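As structure tokens, the structure follows; a few thoughts come after it.
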Amino acid sequence: MTAAIEVRAVEKRFGNVGIIRDLNLSVARGERHAIIGPNGAGKSTTFNLISGHIAPTSGEVKLNGDLISGLRPFEINRRGLSRSFQVTNVFARMTVWENVRCAVLWATGHRYAFWKNVDSLPEVRERTAQILDDIHLTHRRDVPAGLLTYAEQRELEIGITIASGATVVMLDEPTAGMSNAETERAVALIRRLTEGKTLVIVEHDMSVVFGLADRISVLVYGHIIASGTPEEIRRDPKVKEAYLGEEAH
Amino acid sequence: MSTAMTSTSKVPAEAAGGSLRFYGVWLIGIIVLIVLPMIFSSGGLLTSFSLIGIAIVFALSYNILLGQTGLLSFGHAVHYGLGGFAACHMMNAVVSHGWPIPLPFIPLFGGIGGLVFAMIIGWVMTKRAGTVFAMISLGIGELVASSSLILRSVFGGESGITTDRTALPKLLGWSFGPQLQVYYLIAFWLVLSAIAMYALTRTPLGRISNAVRDNPERVQFIGYDPHVVRYIAYCFAGFFAGVAGGLTAINFEIANSALLGAIQSGLVLFSTFIGGTAFFFGPILGAILVTYLQLGLTNLTTAWQLYFGIIFIGIVMYAPGGIAGLLMMHRPLIRAGTLWTVIPSYFVAIVPTIALACGVILAIETVARFSGGDAINLFGIAFNPTSPVTWIAAAVLVVGGAFVARLTWRRIAEAWDRAATVARDRGYLA
Ligand SMILES: Nc1ncnc2c1ncn2[C@@H]1O[C@H](COP(=O)(O)OP(=O)(O)OP(=O)(O)O)[C@@H](O)[C@H]1O
Ligand SMILES: [Mg+2]
């Protein structure tokens, strides 16, 4: 079976600085894959490279076997890959409902339609309501996204990401800045919403990572030094040395 | 079970109430447009109403760009003007070829003129938003305005292209010679265009335009190309600006280079912003006010543009939501029932604020008329611009008015904060 995501020999330079060096990553379909690594290792940059936000300097990225490096973000999104952002990135002046609905529109085939009333599209309405219910924001549906609390904005961020029904979902630190209780809730949410999908997640909280992931890749200085099951990663001496330190026990 | 029943039966009832109110507003608007000339029937007023109607269509088209898609254009009059020229040429062609096209269809050709040009230049223009778009729109505006003087066969040079609206085939016996008939033609197209532009905001494209306005980066990650969204929005704006231009051509029976120049582009930006870009009806209020002021002030003072500038700066600085924003701020207070706690502070502020305004007007007019020596007539009182008495009066009004007005404004802010806090506590979002 072809991998959902296949990154081969990708390099990324900003000016003279090589931020990503010989990156190789393979994520199987239906797998929950966590990427961990110290601050500034290049995790978000990796997300940007895969989702088309930035183009690799060299190397290639494949989605379900098709070459996607060099495509624009919306082209990649239309092929079934959706990502969230580490820094909340929503439509601030629009309501929660509008935010999610906009993310539903392309996938339901309405595209740039200017001859349909957006309020009378039953499948759009149902799907939007379902997503809002899933992310526990139904009671906040008419609030402008910019006025939500931080944790609510993070949940909305997840809602927008999964709204299109993408089969490959990438979440960049979805629980960053959340309290323990909020994190627990968010993880349960992520687990439920990505059921049967391919998930790539960047996460600093090790209990979340080891609890959620089928496989883990460790990124250090733009290079993946180890990739394997949580057990393998826990035992890997390079990882212990470079990243986990004493935490590994 | 019973709760489920009641909750499901409540929803359609609410929706029906909402849509009743919604259609009611539109219906009232249409009725007002119909009866307006019956109440105010003087020729001058009819002309004013006609101009206001055109300005509303133009401002609404501009808000497709500014308010809905977040595109600040300094050259929107290009489409307005080209629509006007297209309409004039079409009218002349109809007459010379004897085509069976009556006058009420002409604004459509104006729209097509605006649209075609938008389709041609829009793709390059909308590649980027923000400053790049603003600068290109300014450049295109200048380019087209200067071309209109050079390409004489199309634009008629300085004198423009003239036409005769009464020479077209009659429709139901209407010749469109009298201003009243032209007014109704404009009102008809105003209603049609306003409904169409409102409907546009409620389509998938309209909502995605809002998303592009708020966050063009994120739009790309939900499957949309912001460039395409901006382009389609630009084409719609160009079309309706062209309709407005076509109406102008019918109204004046002429199209000339002034229609597509920077002054027109500035005025429509001005009207839309003053009215408020965040609500559909904002540009309508702005167009009414600005056209009215423009018609009224030009007769009263040579410094009318200065007043426009002051109003504009005041709105930008103190009420960036425009008139519509100011009005809609009150909605949560009305719902929460706390508006009455704010109203008294408004009344207290009226007198010093008017005093301040009078002082500013007196000062401006003194400077404007100093060398000419014409008297200033302010609310029936004559002031001599060369007399020190006038200068002192202006200074006292400005300084004293500003001092007292600021105190009363602070009281408004405090009363407002209290009322808004109560409203928020009661669950009404400000
Ligand atoms: N557009 C850019 N131009 C220049 N340098 C960049 C750019 N984007 C990222 N970098 C640099 O690349 C490095 C990796 O950044 P990245 O955001 O991918 O790290 P990260 O692993 O996500 O870190 P964190 O855990 O803090 O989110 C950083 O040193 C950053 O400064
Ligand atoms: Mg990061």
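The values are calculated or read from the model by the stated rules, or taken from the named source; none is laboratory data. Since this is a predicted model, take the numbers as computed values, not measurements. Cβ atoms come from the backbone with ideal geometry, glycine included; neighbour counts cover every protein chain shown. In case anyone asks, the SASA skips ligands and DNA or RNA and just uses the protein heavy atoms, side chains included. Shrake-Rupley method; radii C 1.70, N 1.55, O 1.52, S 1.80 Å.
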> Are any residues in the stretch A:172-210 within 17 Å of A:L137 (Cβ to Cβ) and within 16 Å of ligand 2 (Cβ to nearest atom), and if so, which ones?
Replying inline: A:P174, A:T175, A:M178
>> Can you confirm whether A:A166 is surrounded by 14 or more Cβ atoms within 10 Å (Cβ to Cβ) and touching a His at 6+ places or on another chain (Cβ under 8 Å)?
In response: no
> Looking at A:D142, A:D119, which one is open to solvent by 30 Å² or more (accessible area, probe 1.4 Å), within 9 Å of chain B (Cβ to nearest Cβ) and under 22 Å from A:A107 (Cα atoms)?
Replying inline: A:D119
>> Here's a check for you: in the stretch A:169-179, which residue that is over 12 Å from the mean Cα position of the chain (by Cα) and either more than 16 Å from ligand 1 (Cβ to nearest atom) or among the small types (G, A, S) (or both) is surrounded by the most Cβ atoms within 10 Å (Cβ to Cβ)?
In response: A:A176
>> Being open to solvent by 20 Å² or more (accessible area, probe 1.4 Å) and within 7 Å of another protein chain (Cβ to nearest Cβ) is the requirement here; does A:A113 meet it?
In response: no
> Of the residues B:I284, B:I274, B:I208, which single one is open to solvent by 10 Å² or more (accessible area, probe 1.4 Å) and in a helix (DSSP H, G or I)?
Replying inline: B:I284
>> Taking the criterion of being touching a residue at least 24 places away in the same chain (Cβ under 8 Å), touching a strand residue (DSSP E or B) at 6+ places or on another chain (Cβ under 7 Å) and within 30 Å of B:L180 (Cβ to Cβ), would at least one residue in the stretch B:104-120 satisfy it?
In response: yes
> Can you tell me which residues in the stretch A:12-51 are of a type outside the set (G, A, S), open to solvent by 60 Å² or more (accessible area, probe 1.4 Å) and away from ligand 2 (no atom under 14 Å from the Cβ)?
Replying inline: A:R13, A:F14, A:N16, A:V17, A:R21, A:D22, A:N24, A:R29
>> Checking the conditions here, which among B:N251, B:N256 is open to solvent by 40 Å² or more (accessible area, probe 1.4 Å), more than 10 Å from every other protein chain (Cβ to nearest Cβ) and within 26 Å of the chain's Cα centre (by Cα)?
In response: B:N256
> Do you know which residues across the stretch A:37-82 are among the aliphatic types (A, V, I, L, M) and away from ligand 1 (no atom under 16 Å from the Cβ)?
Replying inline: A:L63, A:L67, A:I68, A:L71, A:I76, A:L81
> Among B:A375, B:A382, which is the only one that is open to solvent by 50 Å² or more (accessible area, probe 1.4 Å) and touching a strand residue (DSSP E or B) at 6+ places or on another chain (Cβ under 6 Å)?
Replying inline: B:A375
> If we scan the stretch A:180-203, do we find a residue that is in contact with a helix residue (DSSP H, G or I) (Cβ under 9 Å, 6 or more places away or on another chain), within 16 Å of ligand 1 (Cβ to nearest atom) and within 12 Å of chain B (Cβ to nearest Cβ)?
Replying inline: no
>> I'd like the residue in the stretch B:404-430 that is open to solvent by 70 Å² or more (accessible area, probe 1.4 Å) and within 14 Å of chain A (Cβ to nearest Cβ) and, out of all such residues, is farthest from the chain's Cα centre (by Cα).
In response: B:R424
>> Under 7 Å between Cβ atoms, which residue pairs at least 6 apart in sequence (or on different chains) link something in the stretch B:419-430 that is hydroxyl-bearing (S, T, Y) with a partner that is buried (at least 16 other Cβ atoms within 10 Å of the Cβ)?
In response: B:Y428/B:P332; B:Y428/B:A336
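Please tell me if A:E75 is within 14 Å of chain B (Cβ to nearest Cβ) and farther than 14 Å from B:I208 by Cα.
Considered against the rule, which asks whether it is within 14 Å of chain B (Cβ to nearest Cβ) and farther than 14 Å from B:I208 by Cα, A:E75 comes out as yes.
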> Any idea which of (1) β-branched (V, I, T); (2) in a helix (DSSP H, G or I); (3) farther than 26 Å from B:G314 by Cα is the one B:T386 doesn't satisfy?
Replying inline: (2)
> Which of the following residues is open to solvent by 10 Å² or more (accessible area, probe 1.4 Å), assigned by TED's automatic domain parsing to the domain that holds B:L267, part of a helix (DSSP H, G or I) and not hydroxyl-bearing (S, T, Y): B:A59, B:A86?
Replying inline: B:A86
>> Being away from ligand 2 (no atom under 16 Å from the Cβ), of a type in the set (A, V, I, L, M, F, W, C), in contact (Cβ under 8 Å) with a residue 12 or more places away in the chain and closer than 22 Å to B:A278 by Cβ is the requirement here; does A:V61 meet it?
In response: no
> Only one of (1) within 16 Å of ligand 2 (Cβ to nearest atom); (2) open to solvent by less than 10 Å² (accessible area, probe 1.4 Å); (3) more than 30 Å from A:K62 (Cβ to Cβ) fails for A:L156. Which number is that?
Replying inline: (1)
> Restricting attention to the stretch A:81-107, which residues are polar (S, T, N, Q) and either open to solvent by 40 Å² or more (accessible area, probe 1.4 Å) or facing chain B (nearest Cβ under 9 Å) (or both)?
Replying inline: A:S82, A:S84, A:Q86, A:N89, A:N99
> In the stretch A:21-36, which residues are touching a Lys or Arg at 6+ places or on another chain (Cβ under 9 Å) and within 16 Å of ligand 1 (Cβ to nearest atom)?
Replying inline: A:R21, A:L23, A:L25, A:H33, A:A34, A:I35, A:I36
>> Being within 14 Å of another protein chain (Cβ to nearest Cβ), open to solvent by 20 Å² or more (accessible area, probe 1.4 Å) and in contact (Cβ under 8 Å) with a residue 24 or more places away in the chain is the filter here; which residues of the stretch B:173-200 pass it?
In response: B:I195, B:A196, B:Y198
